[in-house]
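Down below is the structure, laid out as structure tokens.
The values are calculated or read from the model by the stated rules, or taken from the named source; none is laboratory data. Just so it is clear, the structure is predicted and the values come from calculations on it, not from any experiment. Here Cβ is always computed from backbone atoms with ideal geometry, including for glycine, and neighbour counts include all displayed protein chains. Surface accessibility is based on the protein's heavy atoms, side chains included, excluding ligands, DNA and RNA. Shrake-Rupley method; radii C 1.70, N 1.55, O 1.52, S 1.80 Å.
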Amino acid sequence: MVDKTRLLILYASQTGNALDAAERVGREAERLGCSAHVLSMDEFDANCLPDEDIVIFIVSTTGQGDNPDSMKVFWRYLLQRNLSQHWLEGVHYAVFGLGDSGYQKYNFAAKKLDKRLSDLGAKAIVDRGLGDDQHPSGYEGSLDPWLSSLWLRLYQMNPTIFPRGPVLTDPDMKVLDCPKVKIMYHDIDEMQSLLSTTSDLDCIEMQIERARSMSPARHFHDRNRPHCFLQMIKNQQLTREGCGKDVRHFEFEALSSGINYQVGDALEVLPGQNPAAIDAFIRRCNLNPDLLITVHPQGRESCSPDSSQTPSRPPVKLRKFVELAMDIASASPRRYFFEVLSFFASAQHEKERLQYFASPEGRDDLYQYNQKERRTVLEVLEDFPSAQLPFEWLVQLVPPLKTRAFSISSSLSAHPNQVHLTVDVVSWKTPFKRKRTGLCSTWLAGLNPQERVHVPVWFQKGSLPPPLPSLPLLLIGPGTGCAPFRGFVEERAIQSASGSTGPVLFFFGCRNEENDFLYRDFWLSHAQRGGVLSEDKGGGFFVAFSRDQPQKVYVQHKMQKESQKVWSLLSAGASTYVAGSSTKMPADVQSCLEEIVMKESGVTKEAAVRWLRAQEKAGKYHVEAWS
């Protein structure tokens, strides 16, 4: 029997935004009197989709139009050819996408999902909504009106679904939800036997696993224990001191076990947080850093309040949990944080300001205060000193401490037991001229190899598959986009020493020859006669210095100048790899390649576009871009 008064909300999130949006949809539905069930797509059996009456999909788009990892199995199921156009008849659905219009394939995952659901017979309740990070209010600028339309349309379809009507009757937010987590505190004397007495490295590993497995942030529950620990052995600045950019070359050596990766893979790093910021957060929130805690979903505690019973989940110290699982001094809190905080503000002016920020009327001002300025949780709490949030709410609402992914810039064949990274140390000024820095890149840049700090890491498959030795390569990697191609060239050089290899044509770009020509000697040495990038081997190395002349020159200009070489390689079966900034570069490079195909083969624009699309479908066109 289908429950026509229940909403199923399925989300697919890569960074947590879609999860936040999905939970907000669930909260609003429940405030309207409707039962809502929020699940990640990888927690739901797609085979059961026809059994549902109303399904709300909240989907983010990653990379260059890719589905989030949690959506991939679900999506493959929907693409099965044996599913008929009537398979989802009777199912009502709505899709909201989260994306960034600065990317070429804006909200591609949501658009594909919407079309496929319709093709399978499901009926849309409202038009799909598309959230845009470029909007003055972020994705919520589209989510707010979309939700209002959704609630109204559902009420028109079935008034019993919302016993309290389709409009939220609590604009002043006078009803506080219950926290979703429960904190259990444990007697330190009776828990000594559970505390690790093993080696330092094993102890750190267990603490990371314990803290992150207890976090309510679902999207890293399958990545609690690090794959291994690395130790930095080199920290070298690649850019000229004082040039306005700080790009580092880091070299790491494996400590805990042998490592295994391929060129094109990525390394996820769990950054360390500033101890002073952690201390300030603990003081501001009146917490006892030495308490032993376990965190449980509300109503599903796996241990009794009676401390004489041993918990099934070993505890961690409160300070260690904050350090390893809560991003207190880098990420900005969500809108719901301000709503909950308003209930605990004792000063009336603070309470009113928090309520305004959490209201639809205050949405734009909140975006300017919070997201645009990248205010941290600690800064927000310091701006509202009368508000004292219970620790349960802090655990639920403080953004989780996430790993940061970097393209690996080395070949394991060239550097056994080592991993190299090429990292732009991120810093910028907010609209109000406040200096901000990237948490992980700044932490890495501040590490001294002599101090032997243990760096917890996870290896992951990249979006640039390792090429066969015989495959000709067209590489385009301006700025730190050159990182994976350093590994490609190292590996190809080793392969060429023992056999014939395909030619490699590499286009690199930077601002100035003297300031940020990353790995200059490395590229030039491989471009010499007999080298992997040498012209006598059918390849080449070309650099665009964008600021060394009055007219800006980018990689696509160099590619147009060498269009015959580019087309010769492409027509010989080369694979194209593009890496770097996600803003305009990937789209500009693709447009440039379309022009080269038109010019050198004499075909129309439409034919050139089709040819490149066929390259992509055949696995011969790869893009890895980051913001």
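Here is the figure for segment 492-515: residues that are out of contact with any Phe, Trp or Tyr (no Cβ under 9 Å at 6 or more places or on another chain), part of a loop (DSSP other than H, G, I, E, B) and buried (at least 17 other Cβ atoms within 10 Å of the Cβ) total 4. For segment 568-587, filtered to residues that are open to solvent by 50 Å² or more (accessible area, probe 1.4 Å) and not hydroxyl-bearing (Ser, Thr, Tyr), the residue that is nearest to the chain's Cα centre (by Cα) is Lys584.
The residue that is least open to solvent (accessible area, probe 1.4 Å), counting only those in segment 223-258 that are of a type in the set (Lys, Arg) and in contact (Cβ under 8 Å) with a residue 60 or more places away in the chain, is Arg248. Condition check: in contact with a Ser or Thr (Cβ under 7 Å, 6 or more places away or on another chain) and assigned to a loop (DSSP other than H, G, I, E, B). Does Val532 satisfy that? Against the criterion (in contact with a Ser or Thr (Cβ under 7 Å, 6 or more places away or on another chain) and assigned to a loop (DSSP other than H, G, I, E, B)), Val532 qualifies. Applying the selection to segment 441-491, what residues are part of a strand (DSSP E or B) and of a type outside the set (A, V, I, L, M, F, W, C)? Passing the criteria: His454, Pro456, Gln460.
Scanning segment 510-553 for residues that are in contact with a Cys (Cβ under 9 Å, 6 or more places away or on another chain) and of a type in the set (Gly, Ala, Ser), we see that the one that is farthest from Cys482 (Cα to Cα) is Ser546. Condition check for Leu475 on (1) surrounded by 21 or more Cβ atoms within 10 Å (Cβ to Cβ); (2) over 18 Å from Trp523 (Cα atoms): one failure, at (2).
Quick check: anything in segment 434-450 aromatic (Phe, Trp, Tyr) and touching a Leu at 6+ places or on another chain (Cβ under 7 Å)? No, segment 434-450 contains no residue that is aromatic (Phe, Trp, Tyr) and touching a Leu at 6+ places or on another chain (Cβ under 7 Å).
Of all the residues in segment 401-429, those that are outside any loop (DSSP other than H, G, I, E, B), buried (at least 20 other Cβ atoms within 10 Å of the Cβ) and not small (Gly, Ala, Ser) number 8. Selection of helices (runs of 4 or more DSSP H) fully inside segment 269-385 by the criterion of at least 2 residues being modelled with pLDDT under 95 and open to solvent by 60 Å² or more (accessible area, probe 1.4 Å) returns 363-369. Identification of strands (runs of 3 or more DSSP E) wholly contained in segment 1-114 with 3 or more residues that are of a type outside the set (A, V, I, L, M) and open to solvent by less than 20 Å² (accessible area, probe 1.4 Å) yields 92-99. Consider Trp151 carefully, then state whether it is of a type in the set (Phe, Trp, Tyr), open to solvent by less than 10 Å² (accessible area, probe 1.4 Å), out of contact with any helix residue (DSSP H, G or I) (no Cβ under 6 Å at 6 or more places or on another chain) and closer than 24 Å to Lys112 by Cα. In short, yes. If only residues of segment 386-400 that are touching a strand residue (DSSP E or B) at 6+ places or on another chain (Cβ under 7 Å) and open to solvent by 40 Å² or more (accessible area, probe 1.4 Å) are counted, the one that is nearest to Ile282 (Cα to Cα) is Glu392.
In segment 393-407, the residues that are farther than 16 Å from Ser330 by Cα and of a type outside the set (S, T, N, Q) reach residues that are outside any strand (DSSP E or B) and open to solvent by 10 Å² or more (accessible area, probe 1.4 Å) with C-beta atoms within less than 6 angstrom, at least six apart or across chains, in these pairs: Trp393/Pro179.
Before we move on, is Ser563 open to solvent by less than 70 Å² (accessible area, probe 1.4 Å), within 17 Å of Leu473 (Cα to Cα), in contact with a helix residue (DSSP H, G or I) (Cβ under 8 Å, 6 or more places away or on another chain) and of a type in the set (S, T, N, Q)? Here the answer is yes, as Ser563 does meet what is asked.
Against the definition (part of a loop (DSSP other than H, G, I, E, B), more than 16 Å from Glu361 (Cα to Cα) and at pLDDT 90 or above), how does Asp177 come out, yes or no?
On the way: part of a loop (DSSP other than H, G, I, E, B): yes; more than 16 Å from Glu361 (Cα to Cα): yes; at pLDDT 90 or above: no.
For Asp177, the condition - part of a loop (DSSP other than H, G, I, E, B), more than 16 Å from Glu361 (Cα to Cα) and at pLDDT 90 or above - is not met.
A Cβ distance below 6 Å, combined with a sequence gap of six or more or placement on separate chains, defines the contacts here; from segment 344-360, residues that are over 23 Å from Pro145 (Cα atoms) reach residues that are of a type in the set (S, T, N, Q) in the pairs Phe344/Gln388; Ala345/Ser386; Ser346/Ser386; Ala347/Ser386; Glu350/Ser386; Lys351/Ser342.
If you take the residues of segment 8-53 that are among the hydrophobic types (A, V, I, L, M, F, W, C) and farther than 30 Å from Asp327 by Cβ, which of them is nearest to the chain's Cα centre (by Cα)? Of everything passing the filter in segment 8-53, Ala46 is nearest to the chain's Cα centre (by Cα). Please go through segment 123-144 and give me each residue that is open to solvent by 70 Å² or more (accessible area, probe 1.4 Å) and out of contact with any Leu (no Cβ under 9 Å at 6 or more places or on another chain), ordered by number. Listed by number, the residues that qualify are Asp127, Gln134, Pro136.
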